[in-house]
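Contents: one structure, followed by commentary.
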Amino acid sequence: MKKIYLAVLVALISFSANASDFYLRSVETDGLKRVEKETVLAYLGLKTGQNVSRDKLDESFKNLYATGLFSDIEMDTTNDGVLKIKLKENPLINKRAFDGNKKLDDKVLEPEVQSKPNTLYNKAKVSQDVQRILDIYKKAGRYSVSVDPKIIKRDENRVDLVFEIDEGGEAKIDKINFFGNKHYSGPDLKDEIMSKETRWYRFFGSKDNYDAEKMNYDKELLRRFYNERGYADFEVTSAVAELAPNNKSFILNFTVDEGPRYKIGDITINSSVSDVDTKKLYKEIEFKKGKWYNSKLIEDSVTNITEELGKKGFVFVDVVPNLTRHDDNTIDVAFDINEGERTFVNRINISGNTRTLDEVIRREFRLDEGDAFNVSKIKDSRRNIENLNYFSKVDIQPVQIDESKADIDINVEEKSTGYFNVGIGYSTTDGALVNAGITENNFMGKGQEVSLDASVSQRTKDYSFSFTEPYFLGRRLSAGFDIFYSDEDYQDESSYDTSSIGARGRLGWNYTDDFYHTVRYTLREDEIKNVKKSASYYVQKEKGKTTGSIIGQTLYYDKRDSSIRPKEGYYLSLGHDIAGLGGDEKFFKFDAKAVQFYTLADSWTFKFHANGGYIVGYGDKDVRLSNRYYLGGNNLRGFEFGGIGARDKRTDDALGGNWTLYGGAELAFPIGLDEVGIRGRTFFDIGMLGKPDDIDTRDVNYSSKPRASVGFGFEWYSPMGKIDIDFGFPVMKEDYDEREVFRLNFGTSL
């Protein structure tokens, strides 16, 4: 490069030494091998037999060098009008290779590198290629990578280009800190962002690799999280990544300003478009006065109003929500309806999806080609695509084609959608346990979900395979099936074991984002086996196999802020099952559940829950042991599993019940261990269990009186999943009830 710059400098000095025009009689070239002389003359743009200014010669020199065909150019003029050009052609790239790349395959690097075989070697282009390779590694969390391009000379002015790569170590995230957060704890906020702290069990993923773009997206995720929970003024005032003391990893520091929490004040709809009846549009609003401000519900309301106006023929409108804050921490929301630009969607272009089919993305889009352009629907489409959880980045950009048409460009970056989990543990119900499973949420790039799970403990064995198609028959219907086998030991409670094998078909659909419905059909074979000779008569008579043919449905209404660690909102479900469409079992079963969450400042979360169930046989069939309700353990702490209800006087076997009611209240609170995911809690549980219909009360101990307990415990969101540790103490009980003070449980609960 120094030689080239020197030649340029000499040429410029030479040209400026004589300010008069140069009469160009002819052009002579030297050093050409592959490039034709006519090509050089074309790039020079000079004509012989004419006067040429020094500025024009300077411009011609620059044009020739800009072609990238030559690594060295020398130009000189003679007194007799000859322009002499000495050229050194750039070599041709014979082969291109990558060396030292172990973490990233050649297939990942090749598309980003512009220097390809059978193209001319160009130092500037190679420098750009080096930077592209560095950027790819940074996205993969490797910031100490170095790339050194080497050339190996071959004959006939050809070279082999080798990018020698020293990948270095991954830039892991040692710690993530939050400052200024009061209502939500650090672990709560860590659950909401993409960046994760380094843990040994994350060796399959890259969430704990530092990525500046990912950190910027984390800021947006935090903003959404708070905006959907009443904090309309929330902002991330600072997001800084600093090197850890080891100079190899990073510490992420987010400083936030939560601001006040707002409730909704007055709600109005205003229209500058004639003939719009605003009174009929209020039913499209998803929130009510007095409720917490929620940006998502405001966006949903904008969508609803826009769609309703579209149905009435008002296609080109913009619905804009305007917020007015008040000192009493209320926000008035005004939806202003204005005339919009008359623009139609020309094409929807999708890129970046190397694995996911276009159709999987396109079906989540709220606009089709030819529809009226609508900003609100584009926002909803972005959210739908992000919620698939297939992509680490979703970028949607409108591109104006002309006054009436616009393209929509969708660019995505795919991420891993497969999960493999292995766990070991212990619970007081099941003893030592081992579970393993594999799940793929985007099978074959079609958006289908496939999972295979196995769990074995001292008490139970469970194996299952599931498949779900989220768009059955091309519609927003979720369809799938499950195949399962289970074997459970009830020797301690009721002197028998039970096994079940079968399959289930499912169909589900959403009425709204929060209200959904599922129907199912289950065909299974149940067996009560290994019955002790000393077992209760009521257990002995049920020994053997039965076939159940069961159809059921459940309605769900879920307004929780999170399905994993809820802090606010409520959850309702109502379902029933009918057995008897074939098979041996005949029963009606009804179940209902209601849960409410409410969080005060500093992460003190109240949970109130109520559950009820009723099952009854019909015809000449009674309800079998394996289909009855049992109380105690997880659903009534302070009592053993099956610890209350009808119990055989002679054998002490638990016989379950045909109806149940139970619920309680719980307060979870920080104990200074939020960084490791441990919180304390105190609880009150209460419940009652009805006796089976086929039992003679003279043979059993039974009381329908309620039982209750109080206690305290801990919940730990550990690397292996949620762990509950509780100490329960009955305060309302019967003498024959089986009590249990300490309980350890793995898994999740609602």
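So for the stretch 6-18 (the condition being open to solvent by less than 30 Å² (accessible area, probe 1.4 Å) and modelled with pLDDT of 85 or more), does at least one residue qualify?
No, there is no match, as no residue in the stretch 6-18 is open to solvent by less than 30 Å² (accessible area, probe 1.4 Å) and modelled with pLDDT of 85 or more.
Any residue in the stretch 690-701 that is open to solvent by 50 Å² or more (accessible area, probe 1.4 Å), modelled with pLDDT of 80 or more and assigned to a strand (DSSP E or B)?
Checked the stretch 690-701: no residue is open to solvent by 50 Å² or more (accessible area, probe 1.4 Å), modelled with pLDDT of 80 or more and assigned to a strand (DSSP E or B).
Which pairs do you get when a residue that is under 22 Å from A646 (Cβ atoms) and open to solvent by 80 Å² or more (accessible area, probe 1.4 Å), found in the stretch 528-552, comes within reach of a residue that is among the polar types (S, T, N, Q) and assigned to a loop (DSSP other than H, G, I, E, B), reach meaning Cβ atoms under 7 angstrom, with the pair 6+ apart or on two chains?
K532/S495
When only residues in the stretch 104-121 that are among the acidic types (D, E) and open to solvent by 70 Å² or more (accessible area, probe 1.4 Å) count, which is farthest from K33 (Cα to Cα)?
D105
When the stretch 152-204 is examined, which residues are found to be of a type in the set (K, R), part of a loop (DSSP other than H, G, I, E, B), open to solvent by 50 Å² or more (accessible area, probe 1.4 Å) and modelled with pLDDT of 80 or more?
Within the stretch 152-204, just K182 meets the criteria.
Applying the selection to the stretch 577-598, what residues are modelled with pLDDT under 95, surrounded by fewer than 18 Cβ atoms within 10 Å (Cβ to Cβ) and not hydroxyl-bearing (S, T, Y)?
Those that are modelled with pLDDT under 95, surrounded by fewer than 18 Cβ atoms within 10 Å (Cβ to Cβ) and not hydroxyl-bearing (S, T, Y): L581, G582, G583, D584.
Can you pull out the residues in the stretch 602-620 that are open to solvent by 70 Å² or more (accessible area, probe 1.4 Å), aromatic (F, W, Y) and within 34 Å of the chain's Cα centre (by Cα)?
W604, F608
Name the residue that is nearest to the chain's Cα centre (by Cα), counting only residues in the stretch 352-370 that are open to solvent by 80 Å² or more (accessible area, probe 1.4 Å) and of a type in the set (D, E).
Top of the filtered list is E359.
Please state which one of E28, E74 is over 60 Å from the mean Cα position of the chain (by Cα), at pLDDT 85 or above and not in a loop (DSSP other than H, G, I, E, B).
The unique qualifying residue is E28.
Out of the residues in the stretch 621-639 that are part of a strand (DSSP E or B) and touching a Ser or Thr at 6+ places or on another chain (Cβ under 6 Å), state the one that is surrounded by the fewest Cβ atoms within 10 Å (Cβ to Cβ).
G633
Restricting to the stretch 392-408, name every residue that is modelled with pLDDT of 85 or more, open to solvent by less than 60 Å² (accessible area, probe 1.4 Å) and not aliphatic (A, V, I, L, M).
Of everything in the stretch 392-408, those that are modelled with pLDDT of 85 or more, open to solvent by less than 60 Å² (accessible area, probe 1.4 Å) and not aliphatic (A, V, I, L, M) turn out to be D395, D407.
Being open to solvent by less than 60 Å² (accessible area, probe 1.4 Å) and over 23 Å from G418 (Cα atoms) is the filter here, so list the residues in the stretch 451-484 that pass it.
Those that are open to solvent by less than 60 Å² (accessible area, probe 1.4 Å) and over 23 Å from G418 (Cα atoms): S457, R459, T460.
Being at pLDDT 90 or above and either more than 34 Å from the chain's Cα centre (by Cα) or of a type in the set (S, T, N, Q) (or both) is true for just one of F683, F714, F641, F727. Which residue is that?
Result of the check over F683, F714, F641, F727: F727.
Of all residues in the stretch 492-516, count the ones that are closer than 22 Å to S536 by Cα and loosely packed, with under 15 Cβ neighbours inside 10 Å.
Total satisfying the criteria: 1.
Which of (1) hydrophobic (A, V, I, L, M, F, W, C); (2) open to solvent by 70 Å² or more (accessible area, probe 1.4 Å); (3) touching a Gly at 6+ places or on another chain (Cβ under 6 Å); (4) farther than 30 Å from I193 by Cβ does F344 not meet, given it meets every other one?
F344 satisfies every listed condition except (3).
Here is a list: K280, K263, K291. Which entry is farther than 30 Å from T599 by Cβ and not β-branched (V, I, T)?
K280
Could you tell me which residue of the stretch 57-87 is least open to solvent (accessible area, probe 1.4 Å), considering only residues that are in contact with a Lys or Arg (Cβ under 9 Å, 6 or more places away or on another chain) and among the charged types (D, E, K, R)?
Here the answer is D72.
Here's a check for you: in the stretch 702-736, which residue that is part of a strand (DSSP E or B) and among the hydroxyl-bearing types (S, T, Y) is least open to solvent (accessible area, probe 1.4 Å)?
Out of the qualifying residues, it is S709.
Does any residue of the stretch 325-346 turn out to be under 18 Å from the mean Cα position of the chain (by Cα) and polar (S, T, N, Q)?
No; the residues of the stretch 325-346 include none that is under 18 Å from the mean Cα position of the chain (by Cα) and polar (S, T, N, Q).
Quick grid of which residues meet (1) small (G, A, S); (2) open to solvent by less than 50 Å² (accessible area, probe 1.4 Å):
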site	(1), (2)
D99	no, no
K102	no, no
K123	no, no
S127	yes, no
V145	no, yes
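Restricting the search to the stretch 275-316, which residues are exposed (fewer than 15 other Cβ atoms within 10 Å of the Cβ) and within 26 Å of N329 (Cα to Cα)?
Within the stretch 275-316, Y282, K283, K288, K289, G290, K291 qualify.
Name the residue that is farthest from T354 (Cα to Cα), counting only residues in the stretch 373-394 that are outside any helix (DSSP H, G or I) and either out of contact with any Asp or Glu (no Cβ under 8 Å at 6 or more places or on another chain) or among the β-branched types (V, I, T) (or both).
N374
From K33, K86, which residue is out of contact with any Leu (no Cβ under 6 Å at 6 or more places or on another chain) and modelled with pLDDT of 85 or more?
Of K33, K86, the one residue that is out of contact with any Leu (no Cβ under 6 Å at 6 or more places or on another chain) and modelled with pLDDT of 85 or more is K86.
From (1) among the hydroxyl-bearing types (S, T, Y); (2) at pLDDT 85 or above; (3) under 22 Å from Y282 (Cβ atoms); (4) open to solvent by less than 50 Å² (accessible area, probe 1.4 Å), pick out the condition that doesn't hold for S376.
Failing condition for S376: (2).
Where residues in the stretch 223-274 are in contact (Cβ under 8 Å) with a residue 12 or more places away in the chain and among the acidic types (D, E), which of them is least open to solvent (accessible area, probe 1.4 Å)?
Applying the filter and picking the extreme gives E258.
State yes or no: is V130 farther than 21 Å from K415 by Cβ and either assigned to a strand (DSSP E or B) or among the polar types (S, T, N, Q) (or both)?
no
The values are calculated or read from the model by the stated rules, or taken from the named source; none is laboratory data. Given the structure is predicted, the values throughout are model-derived calculations rather than measurements. Using ideal geometry, Cβ is built from the backbone for each residue, glycine included, and neighbour counts are taken over all protein chains shown. Quick note on the areas: whole protein, heavy atoms, side chains included, nothing else; ligands and nucleic acids left out. Shrake-Rupley method; radii C 1.70, N 1.55, O 1.52, S 1.80 Å.
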